[in-house]
Amino acid sequence: MDEIAELISGPEIASEIKDEVASEVAEIVRQKGMRPGLTVILVGDDPASKVYVRNKQLGCEEVGIKSEAIRMPENISTEDILKEIDRLNYDTNVHGILVQLPLPPQVEKNRVLEAIFPEKDVDGFHPMSMGRLLAGEDCLVPATPSGIIEMLKRKNIAIRGKEVTVVGRSVIVGKPVAVLLINESATVTVCHTKTREMAEHTRNAEILIVSAGRPNLIKGDMVSKGAVVIDVGINRITKEEADERLLKWRKKDFDKKGSTLIGDVDFQEVEPKASYITPVPGGVGPMTIAMLLKNTMKAARMQMGLKL
Ligand code: NAP
């Protein structure tokens, strides 16, 4: 008979991390008389971006980090954003700077991200941060990939020597998580849309990490018995898009909101085979903010000359 996988709860682990950050923040305030500060730049009126920024600010409030959101109009120029970043780079009350993506098309994203001082780059997207990550040096690491590693470690899931398959090669998740896993001595395979026979690679995985943005891409027969499955995907499915099985499983969501969120892993098929699995929602999602707060605290410690 199939056993049910143990769920890895993102909210639970994220809350542990936030508690730790909160006590470190209190310690910094005691030692330095100053609060770590995070400034988020939000360009335009994208509703999803507004929600993300609001959630980041709420996270800051929870742990005692001072947060500020700078709103800029949709038609702003690259130069005007650069001026603001330059000011924030030299503001000693600001320890972390984050530019909410996506940016409007007229803005040169790379120039903007590269203008942030690497020591304030709490998103870890600066080429200097990425280079340090590749070199295995201590640095500010993008929040979602470091959240995935943190989840594995806090569940005492060994990484060293394991066969790990990552589906997706994005700059924000797939590539950095692959590098982190190599740095943790895993044997890593990265799949993408040009991969032939992806199922062979996913079946070979003792740990499978999926960040493709394709609902239910990973089916039960693509996963080995006992694998650890981390589902990064967040896909909103409307009532019209859902099949009978999903309509039944998420009936409450569809009745209440007309839609539901599912991952890249077919949870109903994969859960009986996995040893551990992250649900969607309630898996990797909440880890991202927790790790951003941890990064902000780390940036503040570095800038205040405190031991890491
Ligand atoms: P992305 O930039 O869209 O990249 C998707 C990657 O998946 C690409 O490398 C693509 O391959 C690969 N891919 C797509 N379809 C595939 C298929 N059928 N077979 C094999 N590979 C496939 O994605 P992302 O930014 O990593 O985000 C992925 C998902 O994670 C999204 O649902 C996003 O909302 C979610 N996400 C969640 C969090 C969080 O929980 N906090 C954070 C970030 C992202 P190619 O390179 O060949 O195109």
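The values are calculated or read from the model by the stated rules, or taken from the named source; none is laboratory data. Please read all numbers here as calculations on a predicted model, not as lab measurements. Glycine gets a Cβ as well: all are built from the backbone with ideal geometry, and neighbour counts include every protein chain shown. Just the protein is used for accessible areas: all its heavy atoms, side chains included, with ligands, DNA and RNA removed. Shrake-Rupley method; radii C 1.70, N 1.55, O 1.52, S 1.80 Å.
Rounded to the nearest 20 debye, the dipole size of the range 173-306 about its Cα centre is 440 debye, using +1 on the Cβ of Lys and Arg and -1 on the Cβ of Asp and Glu.
Computed about its Cα centre, the charge dipole of the chain is approximately 220 debye, with only Lys, Arg, Asp and Glu carrying charge at their Cβ. The Rg/Rh ratio of the chain, with Rg taken over Cα atoms and Rh as the Kirkwood radius over Cα pairs, comes to 0.98.
Helix 78-89 and the longest principal axis of the Cα set of the chain meet at an angle near 70°. Per residue, how much accessible area does the chain show when a 1.4 Å probe rolls over the protein heavy atoms, in square angstrom? In whole numbers, the chain has 49 Å² accessible per residue. Relative protection proxy for 53-59, 35-41, from highest mean packing down: 35-41, 53-59 (other beta-carbon atoms within 10 angstrom). Kirkwood hydrodynamic radius computed over the range 1-138 comes to 16.8 Å, based on all pairs of distinct alpha carbons. Between the range 85-141 and the range 250-274, the alpha-carbon centres lie 35 Å apart.
Sorting the segments 289-299, 102-112 by their residues' average number of neighbouring beta-carbon atoms within 10 angstrom, most packed first, yields 289-299, 102-112. Our coupling estimate for the range 6-16, obtained by passing each phi through the Karplus curve with A = 6.51, B = -1.76, C = 1.60 and θ = phi - 60°, is 6, 7, 9, 8, x, x, 5, 5, 4, 5, 4 Hz, Gly and Pro reported as x. Across the range 245-260, coupling constants 3J(HN,Hα) worked out from phi with the 6.51/-1.76/1.60 Karplus curve, θ = phi - 60°, read 4, 5, 4, 6, 5, 10, 3, 4, 4, 5, 5, 7, 10, x, 8, 9 Hz, and Gly and Pro carry x.
Estimated from the Cβ-Cβ distance and a Förster radius of 30 angstrom, the FRET efficiency linking GLU61 and LEU134 is about 0.30. Which translational diffusion coefficient, to the nearest whole µm²/s, is obtained for the range 49-125 from the Stokes-Einstein equation, given a Kirkwood hydrodynamic radius over C-alpha pairs, 4 °C and 1.567 mPa s? Here the translational diffusion coefficient equals 98 µm²/s. Sorting 166-175, 89-98 by average packing, meaning the other beta carbons within 10 Å per residue, from highest down gives 166-175, 89-98.
In this label model, ASP19 and GLU241 are separated by 3.7 nm, measuring between points 7 Å along each Cα→Cβ vector. Each of ALA158, GLY258, ASN295 was placed along the dipole of the chain (beta-carbon charges, centred on the mean Cα), and the one lying farthest toward the positive end is ASN295. Using just its DSSP H runs of length 4 or more, each adding -39500 (n - 2.57), the chain gives a mean residue ellipticity at 222 nm of -13000 deg cm²/dmol after division by all residues. LYS109: which lysines have alpha carbons under 27 Å from its alpha carbon, excluding same-chain residues fewer than 8 sequence positions away? In chain and number order, the partners are LYS50, LYS56, LYS66, LYS83, LYS120, LYS175, LYS194, LYS294, LYS298. Here the alpha carbons of the range 202-308 define both size measures, Rg and Dmax, at 17.4, 57 Å. Shown is the FRET efficiency for ASP221 and ASN110, computed with R0 = 41 Å from the Cβ-Cβ distance and rounded to the nearest 0.05: 0.50. Run the simple label-point estimate for LYS83 and ALA199 please: 7 Å along Cα→C-beta, distance reported in nm. Between LYS83 and ALA199, the simple spin-label model gives 5.8 nm.
Hey, if you put +1 on the Cβ of every Lys and Arg and -1 on every Asp and Glu Cβ in the chain, which of LEU246, GLY174, CYS139 ends up farthest toward the positive end of that dipole? The one lying farthest along the dipole's positive direction is CYS139. Within the same chain, lysines fewer than 8 places from LYS273 are excluded, and of the rest, those with a Cα less than 22 Å from its Cα are LYS153, LYS155, LYS162, LYS219, LYS225, LYS248. To the nearest 10 degrees, how steeply does helix 47-63 sit against the main Cα axis of the chain, on a 0 to 90 scale? For 47-63 against the chain, the angle is about 70 degrees. Pick out, from ALA186, MET304, GLY59, the residue whose Cα sits farthest towards the positive end of the charge dipole of the chain, with +1 on the Cβ of Lys and Arg and -1 on the Cβ of Asp and Glu. About the Cα centre, the residue reaching furthest to the positive side is MET304. At q = 0.12, 0.18 Å⁻¹, work out log10 I(q)/I(0) for the range 137-222 with the Debye formula, treating every Cα as an identical point scatterer and leaving solvent out; two decimals please. Ignoring solvent entirely, the Cα scatterers give -0.33, -0.75. Loop-resident GluC sites (Glu not before Pro) (DSSP state other than H, G, I, E or B) in the range 1-104 with no more than 14 further Cβ atoms inside 10 Å of their Cβ: GLU3, GLU74.
What shape does the range 1-51 have by the C-alpha gyration tensor, where a ≥ b ≥ c are the square roots of the eigenvalues, rounded means a/c under 1.5, and otherwise prolate means a/b greater than b/c and oblate the rest? Here the range 1-51 falls in the oblate category. Each residue of the range 273-289 was assigned a 3J(HN,Hα) from its phi angle through the Karplus expression (A = 6.51, B = -1.76, C = 1.60, θ = phi - 60°), giving 9, 7, 8, 9, 8, 9, x, 10, x, x, x, 5, x, x, 5, 4, 5 Hz with x at Gly and Pro.
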